[in-house]
């Protein structure tokens, strides 16, 4: 090989390596963190002067990283030190973001957005145009939550003022994952909501949020409770929807219940207790405190630490055009409280408590299932997946039209419930009064 050719070849390889190194560095399109404004939440309301009123909550990094100094726990309000809230009237979501970029010094970044809050008014008209737009955006993450606000989304975001978290993003993240230990809401992340909205065998739900309406304990009423609709003599802890929980406190925003969708339109809602049964029937229930009426003593309760012992068993069979759906739910619990003092720890009595709890949960599940089929006409449980695999072709399945047939479904629910431990008491002792023993 000639010396000149060798030299040119060496120079060529060196230049090629240098060019490749510049590409591998990956810094040519980099953006500095300090040049970004990170969005925490988005709110969608119907506008007055335009189609959409867009509310944007932006984290203020200096404040959210300040720990307990400064405005402790003041995340979320309009005048808060940890976030900034702005509202824009705009024709579309992205045009609103573009308009906001025009007066906010830093470029908006959606990669850390935790929740999209949709007003009930928009949800009942249809959310497809907004959900599709968000799914196409490369900065939006599929694990952000979808929430339907009982009032204005703008008001809900402004009233979200956490006291235990300086960072509002952390507040949303922790609260919207609380279904794992309360059961009052569900995991309604954007990717799950989008897939259920498009699915031919199940339909979507979203978390219900609201601003609590009570100013003092004297204002408490049961107008927001659903216990009468379910034939109960008194309300239990889950018989409420967001905004109606009888409580007072500095934190006005709350999460309770689920918004039920048919396609992209909201058609109804479930309260907190019904959300528990939704999780149990879909195999997503983990654990929570659960209160049941005492089977032997009227107006007294037994409190359980309830959890799933096995995934639910579900089966769908067809009788002509009528689906027959059977579901078996397996649960277990520890006893936390026996108000009456009855000795349910005794093997002779524990079966009585187990049977009463099974019947209580089974009846409640039956009512919920018929509510979704007859009243709401929407299969949020995904029972269609159990029968979808029996069709040979996709067109056969589409022609079958499961979502239309679900409204005529019949249900057979069974509950297998076992008491595992009595808590830290081996045996309840009798209760005595001046008149003698009250309960043994």
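Throughout, read-outs are computed from the coordinates displayed, never taken from laboratory work. A quick note: this is a predicted structure, and the numbers were derived from the prediction, not measured. Every residue, glycine among them, receives a Cβ derived from its backbone with ideal geometry; neighbour counts consider all protein chains shown.
At a Förster distance of 41 Å, what's the computed FRET efficiency of residue 220 paired with residue 124, Cβ-Cβ distance as r, to 0.05? List each step's numbers first, then the result.
Values: r = 28 Å, r/R0 = 0.69.
Once rounded, the FRET efficiency stands at 0.90.
For residue 310 and residue 10 in one chain, what is 0.36 nm times their gap in residues minus the Cα-Cα distance, to one decimal in nm?
Length gained between residue 310 and residue 10: 101.3 nm.
For the chain, set up a Gaussian network in which alpha carbons nearer than 10 Å are linked by springs, and say which option among 216, 202, 386 fluctuates the most.
So, out of 216, 202, 386, the one fluctuating most is 216.
Rounded to the nearest 500, what is the chain's calculated 222 nm mean residue ellipticity when only DSSP H runs of at least 4 contribute -39500 (n - 2.57) each, over all residues?
Result for the chain: -8500 deg cm²/dmol, rounded to the nearest 500.
Using a simple spin-label model with points 7 Å from Cα along the Cα→Cβ vector, what separation in nm is obtained for residue 195 and residue 98?
Computed distance between label sites residue 195 and residue 98 equals 3.3 nm.
Could you calculate, for the chain, the ratio of the Cα radius of gyration to the Kirkwood radius, expressed as Rg to Rh?
Over the Cα atoms of the chain, Rg/Rh equals 1.09.
Among 391, 164, 289, whose mean-square fluctuation peaks in a Gaussian network model of the chain (Cα, cutoff 10 Å)?
Per the Cα network of the chain with a 10 Å cutoff, 391 tops the list.
Given the convex hull of the Cα atoms of segment 32-271, what is a quarter of its surface area in nm²?
Convex hull of Cα atoms, orientation-averaged projection: 14.1 nm².
Suppose R0 equals 30 Å; then what is the FRET efficiency for residue 291 and residue 410 from their Cβ-Cβ distance, rounded to the nearest 0.05? Provide the component values of the computation, followed by the final result.
Details: r = 30 Å, r/R0 = 0.98.
Once rounded, the FRET efficiency stands at 0.50.
Length gain on complete extension for the stretch residue 318 to residue 348, per 0.36 nm per residue less the alpha carbon to alpha carbon distance?
The residue 318-residue 348 span can extend by a further 6.7 nm.
Evaluate the distance, in nm, between pseudo-label points positioned 7 Å from the Cα of residue 301 and of residue 367 along their respective Cα→Cβ axes.
1.5 nm
Mind sorting 130, 94 by how few other Cβ atoms lie within 10 Å of their own Cβ, fewest first?
The fewest-first ordering by Cβ neighbours comes to 94, 130.
Thinking of segment 324-368 as a set of Cα atoms, what percent of all their pairs are more than 13 Å apart?
65 percent
Looking only at the chain, where both bridge partners belong to it, what percent of the DSSP beta bridges are antiparallel (to the nearest 5)?
Around 65 percent antiparallel, to the nearest 5.
Using a basic spin-label model with each label point 7 Å from the Cα along Cα→Cβ, how many nm lie between residue 418 and residue 334?
Calculated label separation equals 1.7 nm.
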